[in-house]
1. With the cut-off at 21 Å, tell me which of the pairs K26/K97; K68/K97; K64/K97 have Cα atoms farther apart than that.
2. Apply the Karplus parameterisation 6.51 cos²θ - 1.76 cosθ + 1.60, with θ equal to phi minus 60°, to every residue of the stretch 21-32 and state each ³J(HN,Hα) to the nearest whole Hz, in sequence, with x for glycine and proline.
3. Quick one: if the Förster radius is 30 Å, what FRET efficiency do R85 and Q54 give, using the C-beta to C-beta distance and rounding to 0.05?
4. Provide the per-residue ³J(HN,Hα) series for the stretch 104-114, in order, calculated from phi with Karplus coefficients 6.51, -1.76, 1.60 and θ = phi - 60°, each as a whole number of Hz, with x at glycine and proline positions.
5. If you count, for each residue, the other Cβ atoms within 10 Å and average over each peptide, how do 66-76, 89-99, 15-25, 51-61 line up from highest to lowest?
6. When Lys and Arg each count +1 and Asp and Glu each count -1, what net charge do the other residues less than 14 Å away from G101, Cβ to Cβ, add up to?
7. For the stretch 9-99, count the residues as N, evaluate 2.2 N^0.38 Å, and divide the Cα radius of gyration by that value, please.
Amino acid sequence: MCTETFPGMEKYPETFTIRDEIYQMKNYSRENTRVLMRLDAGKLDLSGPKVHRQDGDFAVSWAKRYGKGRVFYSTLGHVTENWDRSDMQAMYVGAIKWALGLVEADITPRPLPQ
């Protein structure tokens with residue numbers, strides 16, 4: 001799910017399907033991170049032995065400040081054909097521009113939507 005106005009994210013619809021390798025972040029917290037894209041836990045089988053997050057909060061892309069620096073992360077990009085997607089290309093170009101300080105964005109942390 002993507003509901004953000006972060007640079008480059010506007011090409012993604014609010015909900016969409018993509019095939020990729022997704023990682024579960026162990027130690028991220030929404031208290032200091034702006035989640036830009038997440039999996040819809042309501043559409044996942046969370047009973048598998050490899051599911052480690054119990055809160056149903058599976059961030060796919062996020063941004064935050066680290067000291068004076070800017071950090072962007074996305075788990076997307078493991079599947080070769082996804083790099084031909086204009087939405088993925090726009091996301092990474094927008095994130096690079098933000099990380100370099102060429103554009104601004106609201107990265108205020110927000111709680112997991114209910």
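Bear in mind that the values in this text are calculations on the coordinates, not laboratory data. Since we're looking at a predicted model, the values are computed, not measured. Quick reminder, even Gly has a Cβ in these numbers, built from the backbone with ideal geometry, and neighbours come from all protein chains shown.
1. Values: K26/K97 27 Å; K68/K97 16 Å; K64/K97 14 Å.
Pairs exceeding 21 Å: K26/K97.
2. Using θ = phi - 60°, the values come out as 8, 10, 9, 9, 6, 7, 10, 7, 9, 6, 6, 10 Hz.
3. Details: r = 31 Å, r/R0 = 1.04.
For R85 and Q54, the calculated efficiency is 0.45.
4. Values, residue by residue: 9, 7, 7, 10, 4, x, 9, x, 4, x, 7 Hz.
5. 89-99, 51-61, 66-76, 15-25
6. Values: positive: R65, K68, R70, K97; negative: E104.
Here the count lands on +3.
7. Values: Rg = 13.7 Å, N = 91, 2.2 N^0.38 = 12.2 Å.
Cα-based Rg divided by the globular estimate yields 1.12.
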